[in-house]
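First up is the structure itself, then whatever we jot down about it.
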């Protein structure tokens, strides 16, 4: 009688099992990375070169991180051009880190919303 362990069919089944387990582990790791890499809105402050068009400079700066100017155009939510030079965009943590290294980028901060008056706030007496 032949030893079952030395059977080519058993070796093939074991190899298939190992490959399936490796693929499952790889898939779980990828979904963990995706969760960590969730994009949130950030405001990017830049030191725009004098004479440069603000929007073009913003797109070039972000395009160098996202891989293309088209991707940058799709990611920018707003351009700041008056009181400050910069833009807001949805960025992953790794994109934020890469953007911080770009020439002309002064600061990258998460966007925050502030509420001046809470839901329970009441005007003071005599207030108009």
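The values are calculated or read from the model by the stated rules, or taken from the named source; none is laboratory data. Everything numeric in this text was worked out from a predicted model, so none of it was measured. Glycine also receives a Cβ, built like all others from the backbone with ideal geometry; neighbour counts cover every protein chain displayed.
Of everything in segment 89-106, what is more than 12 Å from the chain's Cα centre (by Cα) and surrounded by 15 or more Cβ atoms within 10 Å (Cβ to Cβ)? Give them in sequence order.
First pass over segment 89-106, keeping only residues more than 12 Å from the chain's Cα centre (by Cα): 100-106.
Answer for segment 89-106, where residues must be more than 12 Å from the chain's Cα centre (by Cα) and surrounded by 15 or more Cβ atoms within 10 Å (Cβ to Cβ): 102, 104, 105.
In the set (1) touching a residue at least 24 places away in the same chain (Cβ under 8 Å); (2) within 14 Å of residue 45 (Cα to Cα); (3) assigned to a helix (DSSP H, G or I); (4) touching a helix residue (DSSP H, G or I) at 6+ places or on another chain (Cβ under 6 Å), residue 57 fails one condition alone, (4).
Which of the following residues is in a loop (DSSP other than H, G, I, E, B) and at pLDDT 90 or above: 115, 102, 107?
Answer to the selection: 102.
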